[in-house]
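Participant: Structure in structure tokens, see below.
The values are calculated or read from the model by the stated rules, or taken from the named source; none is laboratory data. Predicted model only: the values in this text are computed from it and were never measured. Here Cβ is always computed from backbone atoms with ideal geometry, including for glycine, and neighbour counts include all displayed protein chains. Heavy atoms of the whole protein, side chains included, go into the accessibility calculation; ligands, DNA and RNA do not. Shrake-Rupley method; radii C 1.70, N 1.55, O 1.52, S 1.80 Å.
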Amino acid sequence: QVQLVESGGGLVQAGGSLRLSCAASGPIFSINTMGWYRQAPGKQRELVATITSGGSTSYADSVKGRFTISSVNAKNTVYLQMNSLKPEDTAVYYCKARLRSVLEWKEYDYWGQGTQVTVSS
């Protein structure tokens, strides 16, 4: 069974930094894209950043210049370095991977359980 496990969330003051990690495990054949999404209370889940297996990245306008996504393909792991954090970055952060397992013929999206990030003012 494919699993995504996030870590690295927590409480930080405005202006501080956090680094999130997400490791995908299980019967994985190939990973197309990994990314981070977030959901604040009362709001819809939104895209934060994505990275392809080739290393191409994209970011939400709200985090450009502050957040950096990176990955280690050999470890099926993606990171999100978050700097200059603001109170409005407070949310549950979810990892998503679009991948093909060895048991399937097509790609599917898999989600982690989420990790809380709280930025105090």
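Participant: Considering only protein heavy atoms and a probe of 1.4 Å, how much of the accessible area of the chain is carbon and sulfur, as a whole percent? If you can, show how the numbers build up before the last one.
Facilitator: Values: 3120 of 6520 Å².
Answer for the chain: carbon and sulfur cover 48 percent of the accessible area.
Participant: Let me ask something else. Normalised by the residues of the range 1-119, what does the relative contact order come to in percent, with Cα pairs under 8 Å and at least six apart? Don't skip to the answer; put the middle values down first.
Facilitator: Numbers: 297 pairs, mean separation 42.7, N = 119.
Dividing the mean separation by the residue count of the range 1-119 yields 36 percent.
Participant: Which FRET efficiency, nearest 0.05, do E46 and R66 yield, Cβ-Cβ r, R0 25 Å?
Facilitator: On the way: r = 15 Å, r/R0 = 0.61.
After rounding, the FRET efficiency stands at 0.95.
Participant: Per residue, what accessible area does the range 23-121 have, given a 1.4 Å probe and all protein chains present, in Å²?
Facilitator: Working: 5310 Å² over 99 residues.
Roughly 54 Å² per residue, with all protein chains present.
Participant: For a quick check: with amide H placed at 1.01 Å from N, whose amide H comes under 5 Å from R45's, ignoring anything fewer than 5 positions away on the same chain?
Facilitator: none
Participant: Ok, one more. Taking a quarter of the surface of the Cα convex hull of the range 69-119, what do you get in nm²? Intermediate values should be presented prior to the final figure.
Facilitator: Working: hull surface 17.9 nm².
Across all orientations, the range 69-119 yields a mean hull projection of 4.5 nm².
Participant: Further, regarding this structure: Taking loop as defined by DSSP and a crowding limit of 13 other beta carbons within 10 Å, which GluC sites (Glu not before Pro) in the range 30-111 fit? Provide the component values of the computation, followed by the final result.
Facilitator: Values: sites: E46, E88, E104, E107; in loops: E104, E107.
Listed in order of number, the matching sites are E104.
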